[in-house]
1. Over 19 Å between Cα atoms: which of K154/K257; K30/K192; K89/K154; K219/K252; K130/K201; K154/K219 fall into that group?
2. Which residues' amide hydrogens lie under 5 Å from the amide hydrogen of L184, considering only partners 5 or more residues apart or on another chain, with H built in the peptide plane?
3. Would you pull out the residues with amide H under 5 Å of V79's amide H, same chain only if 5 or more places away, H placed 1.01 Å from N?
4. Hey, with R₀ at 45 Å, roughly what FRET efficiency would R31 and K219 work out to, going by the Cβ-Cβ distance, to 0.05?
5. Given +1 on the Cβ of Lys and Arg, -1 on the Cβ of Asp and Glu, and no further charges, what dipole in debye does the chain carry about its Cα centre, rounded to the nearest 20?
6. What is the magnitude of the charge dipole of segment 227-266 about its Cα centre, with +1 placed on the Cβ of each Lys and Arg, -1 on the Cβ of each Asp and Glu, and no other charges, expressed in debye to the nearest 20?
7. Please give, to one decimal in nm, the separation of the simple spin-label points placed at E247 and E108, each 7 Å out from Cα toward the Cβ.
8. Relative contact order for the chain: what percent, with Cα pairs under 8 Å and sequence separation of 6 or more?
Amino acid sequence: MKINPQKCVACGNCTYVCPMGAIYIDPELKRATINRDECVECYACYNGLSKEVLPPATVRFVRRTLANFRIRFEPEPDVCPTTAFEPDKLEWPRVVRRAFSDPRVPHESTGVSGRGTEEVKTNDVSGRVKVGEVGFTIEFGRPGVGVWFTDIQKMSWAMAKAGVSFEKKNPVTSLMSDVATGTLREDILGEKVMSAILEIKTTVDRTEEIIRLVREVEKDLDTVVSIGVGTRCDENGEENVVAPILERLGYKLERAKTNIGLGKVTNTEEPAAKEQPVPAMR
Ligand code: SF4
Ligand code: SF4
């Protein structure tokens with residue numbers, strides 16, 4: 001994203017809409033400026049502000065003149081008065097930033113918008129997590145924080161070393177040059193995104209080990225990490241294997257999303273298990 005300095009009148013409206021705090025008023029230029037390292041190409045500034053096409057020279061003149069009388073001329077707070085934002089034509093690898101940060105853009109690898117994955121939300125049709133297995137979503141970043149791929153790689157390295165399997169239909173997995181070691185493509189390591197999700201699964205008996213490992217690696221990351229755990233309920237809709245482990249680790253459990261098993265299995269490679277037809281996610 002770019003701000004055209006010929007058009008910007010330094011009203012400052014855009015500095016409040018950037019979720020990454022990447023826009024600032026440059027005191028020397030007296031124009032809004034984007035910190036390219038911190039900008040994750042989410043388009044919130046471009047899409048979030050209404051656009052007016054007031055002539056920049058006139059707006060500057062009016063603002064300067066009124067300032068002499070200690071009167072401020074400010075546009076409405078949700079408006080860029082001079083339509084100064086100009087989206088860049090994003091090339092590889094910078095385009096990765098937008099794919100992970102603008103929720104309206106579908107990921108090329110999965111066709112899914114947002115972070116590009118449905119996790120186990122669709123487990124009743126995808127059958128990703130089977131009986132005896134536990135799926136984890138390790139989510140990095142948030143608005144205001146973001147995450148660099150170098151930090152994601154520290155986690156994927158640790159998970160690969162622990163011998164878990166990465167979900168194939170996941171955008172982070174699709175950016176690995178070596179899935180066996182969890183190594184990401186070299187050319188994206190200098191990119192920052194709003195947030196991303198690493199998806200893994202393993203057997204239920206390794207639940208505690210993996211959570212402890214995530215906690216350990218997280219200490220070395222310059223971002224925030226959330227972990228989601230998905231597993232299958234028994235025939236009564238209960239889950240008494242993974243839940244006690246999570247409670248022992250200090251988590252207060254809420255059942256977040258539940259699949260009730262009405263979907264038609266579409267994943268022919270990995271059909272949903274028939275023994276326990278009520279998959280759920282915690
Ligand atoms: S909202 Fe538009 S005119 Fe105002 S500071 Fe931002 S880019 Fe400049
Ligand atoms: S594209 Fe997003 S991150 Fe970049 S300057 Fe605009 S709002 Fe901020």
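Coordinate-derived values only; no laboratory data. Quick caveat: nothing in here was measured; it's all calculated off a predicted structure. Heads up, the Cβs are rebuilt from the backbone with ideal geometry, glycines too, and the neighbour counts pull from every protein chain shown.
1. With Cα atoms farther than 19 Å apart: K154/K257; K30/K192; K89/K154; K219/K252.
2. For L184, the qualifying residues are S177.
3. S50
4. Working from the Cβ atoms, E equals 0.70.
5. Once rounded to the nearest 20, the dipole reads 1060 debye.
6. Using Cβ point charges on Lys, Arg, Asp and Glu, segment 227-266 gives about 200 debye.
7. 4.7 nm
8. Relative contact order, the chain: 20 percent.
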